[in-house]
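Below: the structure, in structure tokens.
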């Protein structure tokens, strides 16, 4: 059976459908591209969380100097003063497990390759350190104010230099991390919502987020037993009209 020849009306109808199909295809493609461009509209904000917390660990080194011309007597003098320092700490309320006595450091001025011992009052000089590692931070603060009692026994306590300064630590960061991360995220979202409102946009979902590192620093140089914990989170949100 032969196929009937195509009429002009049939060809016209086919052309209309083809054009309509191409039009719809263009419509969907253009709107799809617009939607993709809208997905590319984002805002990056930073959320901050800060807290002040008390230190829960104290490291208190008590360092003193001794000098003499007889090495044996020098060691004996250092040992006696170590015993006095330990007795002072125990009387203050510290326990044996919190106290460490380091081996003394002795310098022979005549054995040095540089300089000269001429004019020096003593040939030998020694230094010893008794350290306290404790969670009794308040007791450390109170006991430091009583070091004058040790000075009255003839012990020359070194000042708060780098080697003898008291260090305060905060070891409970994991306990406050979740709440601080939540607070930083909430803070960042509030900033993003304000930006979206000001730009007549709507805030969308999070595209990506990065948690910053936690930092622990002294609140100030006069109160190192109080720490400032800080974290900054970086969050990128989608925006739409």
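The values are calculated or read from the model by the stated rules, or taken from the named source; none is laboratory data. What you are looking at is a predicted structure, and each value in this text was computed from that prediction instead of being measured. Every residue, glycine as well, gets a Cβ built from its backbone with ideal geometry; the counts of neighbours run over all protein chains shown.
A few remarks follow.
- Among the candidates 216, 206, the residue that is at pLDDT below 95, surrounded by 11 or more Cβ atoms within 10 Å (Cβ to Cβ) and in contact with a strand residue (DSSP E or B) (Cβ under 7 Å, 6 or more places away or on another chain) is uniquely 206.
- Any hit, the stretch 179-197, residues being part of a strand (DSSP E or B), modelled with pLDDT under 95 and touching a strand residue (DSSP E or B) at 6+ places or on another chain (Cβ under 7 Å): no
- For the stretch 201-241, residues that are assigned to a loop (DSSP other than H, G, I, E, B), in contact (Cβ under 8 Å) with a residue 40 or more places away in the chain and within 30 Å of residue 141 (Cα to Cα) total 4.
- The strands (runs of 3 or more DSSP E) found wholly in the stretch 35-117 and carrying at least 1 residues that are modelled with pLDDT under 95 occupy 42-54, 57-68, 105-108.
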